[in-house]
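Input: a single structure, listed below in structure tokens.
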Amino acid sequence: MQRIRHGRISREWPQKTWISTIGVDLRTVILLCQEFVKGYTRGDVGRIINLTSGQGLSPMPNELAYAATKGGVEAFTLSLSAAVA
């Protein structure tokens, strides 16, 4: 997978790279959680554990799309836990 590197921000942000990274790192998590929640009913005991890297909170400058998706997974997980609690 090609990553968006620091220094090429203003001229080269390959949209295909962003779409691919978001599709794998964020969309997949959301779709899997949706499938789990469909079978979840109030009162059931269940856990969803989503793992990310430290780049969600402390991103490196040359990993823009990757860091954005990790932050997105963290925010999504927090929101989902509040929604189904």
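The values are calculated or read from the model by the stated rules, or taken from the named source; none is laboratory data. In this text, all values refer to a predicted model and were calculated from it rather than measured experimentally. Backbone-built Cβ (ideal geometry, glycine too); neighbour counts: all protein chains shown.
Descriptive notes on the structure:
- Residue match in the stretch 3-18 (condition: of a type in the set (A, V, I, L, M, F, W, C), in a loop (DSSP other than H, G, I, E, B), modelled with pLDDT of 75 or more and over 18 Å from the mean Cα position of the chain (by Cα)): no
- Residue match in the stretch 21-31 (condition: in a loop (DSSP other than H, G, I, E, B) and at pLDDT 75 or above): no
- The stretch 38-49 residues that are more than 18 Å from Leu78 (Cα to Cα), paired with ones that are in a loop (DSSP other than H, G, I, E, B) and at pLDDT 75 or above (beta carbon under 9 Å, 6 or more apart): Gly39/Gly46
- For the stretch 48-69, taking the residues that are modelled with pLDDT of 85 or more and exposed (fewer than 10 other Cβ atoms within 10 Å of the Cβ), the one that is nearest to Ala83 (Cα to Cα) is identified as Ile49.
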